[in-house]
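S.K.: Take a look at the following structure, please.
The values are calculated or read from the model by the stated rules, or taken from the named source; none is laboratory data. These numbers were taken from a predicted model, which means no experiment stands behind them. Note that each Cβ is placed from the backbone with ideal geometry, even for glycine, and that neighbours are counted across all protein chains shown.
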Amino acid sequence: MVQPFVALPDTRIRQKCQIVVAFDQSLKNLIADLIETSEVQENPPALGMAAPQIGVFKRVIVAKIRNKFRPFVNPKITKVSKTHGAYLEGCFSVGGKYGQAIRPLEIDIEAQDASGKKISRHYKGIAARILQHETDHLDGILFVDHVYKQNGKIFRVEKDKGGKELLVEESYA
Ligand SMILES: [Zn+2]
């Protein structure tokens with residue numbers, strides 16, 4: 001089922017999530033909810049989602065990779081590349097803001113699938129970006145934390161007089 005988002009200023013989004021030990025029906029339901037909630041998002045579309053974003057504080061994420069939402073249970077990024085790059089990120093738990101976050105461009109990730117089978121993969125490009133953003137959520141870390149630490153640019157969505165959305169750069173206090 002499509003679920004409502006947990007978003008700032010709700011501090012639950014900062015919670016550290018628990019390791020999944022039972023690969024049961026409730027885990028399958030959670031993965032289905034994450035995928036359904038991702039698939040209905042249109043403006044902006046979802047590229048991934050983490051369980052805490054729908055109020056379940058377990059280490060489960062989904063990421064859109066090669067056009068399909070794939071689950072990663074207990075994901076752990078085990079290696080990152082020395083090469084880094086900036087990319088404009090947004091988040092359903094950080095409404096109305098976008099920011100250029102600098103992250104490693106390639107990662108190795110270990111996780112389990114819905115039945116508990118171990119997965120070990122290397123990703124680059126947008127997939128590596130999504131997986132880092134979503135895995136961060138499981139430790140209560142948001143993309144804006146990286147942007148602020150990097151003194152990067154944060155943009156806020158505003159509407160002009162005609163109702164057209166535009167990005168306005170936020171200045172630091
Ligand atoms: Zn997010």
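Condition check ((1) modelled with pLDDT of 95 or more; (2) within 14 Å of the ligand (Cβ to nearest atom)) across all residues:
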site	(1), (2)
Val21	yes, no
Ala32	yes, no
Val40	yes, no
Pro44	no, yes
Phe57	yes, no
Ile61	yes, yes
Ile65	yes, no
Lys76	yes, no
Ile107	yes, no
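S.K.: Across the range 121-173, what is the number of residues that are away from the ligand (no atom under 12 Å from the Cβ), closer than 25 Å to Lys16 by Cβ and among the small types (Gly, Ala, Ser)?
M.R.: Total satisfying the criteria: 3.
S.K.: Tell me, which residue of the range 115-172 that is among the polar types (S, T, N, Q) and surrounded by fewer than 11 Cβ atoms within 10 Å (Cβ to Cβ) is farthest from Phe72 (Cα to Cα)?
M.R.: Ser171
S.K.: Any idea how many residues of the range 1-50 are crowded, with 17+ Cβ neighbours inside 10 Å and among the charged types (D, E, K, R)?
M.R.: Of the residues in the range 1-50, 1 are crowded, with 17+ Cβ neighbours inside 10 Å and among the charged types (D, E, K, R).
S.K.: If I ask for residues that are touching a strand residue (DSSP E or B) at 6+ places or on another chain (Cβ under 9 Å), among the β-branched types (Val, Ile, Thr) and within 19 Å of Ser93 (Cα to Cα), which ones from the range 122-167 would you list?
M.R.: Of everything in the range 122-167, those that are touching a strand residue (DSSP E or B) at 6+ places or on another chain (Cβ under 9 Å), among the β-branched types (Val, Ile, Thr) and within 19 Å of Ser93 (Cα to Cα) turn out to be Ile130, Thr135, Val144, Val147, Ile154, Val157.
S.K.: Determine if the range 84-92 includes at least one residue that is at pLDDT 95 or above, touching a Pro at 6+ places or on another chain (Cβ under 7 Å), more than 22 Å from Pro52 (Cβ to Cβ) and away from the ligand (no atom under 14 Å from the Cβ).
M.R.: Yes, some residue in the range 84-92 is at pLDDT 95 or above, touching a Pro at 6+ places or on another chain (Cβ under 7 Å), more than 22 Å from Pro52 (Cβ to Cβ) and away from the ligand (no atom under 14 Å from the Cβ).
S.K.: Which residue, of Asn74, Asn67, is touching a residue at least 40 places away in the same chain (Cβ under 8 Å) and within 24 Å of Gln3 (Cα to Cα)?
M.R.: Asn74
S.K.: Right, something else. Does Val40 count as touching a Leu at 6+ places or on another chain (Cβ under 6 Å) and without any contact (Cβ under 8 Å) to a residue 40 or more places away in the chain?
M.R.: Judged against the criteria, Val40 is not a match.
S.K.: Listed residues Glu36, Glu42; which is within 21 Å of Phe143 (Cβ to Cβ) and not aliphatic (A, V, I, L, M)?
M.R.: Testing whether each residue is within 21 Å of Phe143 (Cβ to Cβ) and not aliphatic (A, V, I, L, M) leaves just Glu42.
S.K.: From the list Gly95, Gly99, which one is closer than 18 Å to Pro52 by Cβ and either away from the ligand (no atom under 16 Å from the Cβ) or assigned to a strand (DSSP E or B) (or both)?
M.R.: Gly95
S.K.: While we're here: How many of the residues in the range 19-56 are in a helix (DSSP H, G or I) and in contact with a Gly (Cβ under 8 Å, 6 or more places away or on another chain)?
M.R.: Summing the residues that are in a helix (DSSP H, G or I) and in contact with a Gly (Cβ under 8 Å, 6 or more places away or on another chain) in the range 19-56 gives 2.
S.K.: Within the range 102-135, work out how many residues are among the basic types (Lys, Arg), touching a Leu at 6+ places or on another chain (Cβ under 7 Å) and not in a strand (DSSP E or B).
M.R.: Result for the range 102-135: 0.
S.K.: So Lys16 passes all but one of these: (1) part of a loop (DSSP other than H, G, I, E, B); (2) free of Cβ contacts under 8 Å to residues at least 12 places away in the same chain. Which condition number does it fail?
M.R.: Only one criterion is unmet by Lys16, namely (2).
S.K.: Further, regarding this structure: What are the pairs with Cβ atoms under 6 angstrom where one residue, in the range 116-140, is closer than 15 Å to Lys64 by Cβ and the other, located anywhere, is within 11 Å of the ligand (Cβ to nearest atom) and assigned to a loop (DSSP other than H, G, I, E, B)? Sequence gap at least six, or different chains.
M.R.: Ile130/Leu47
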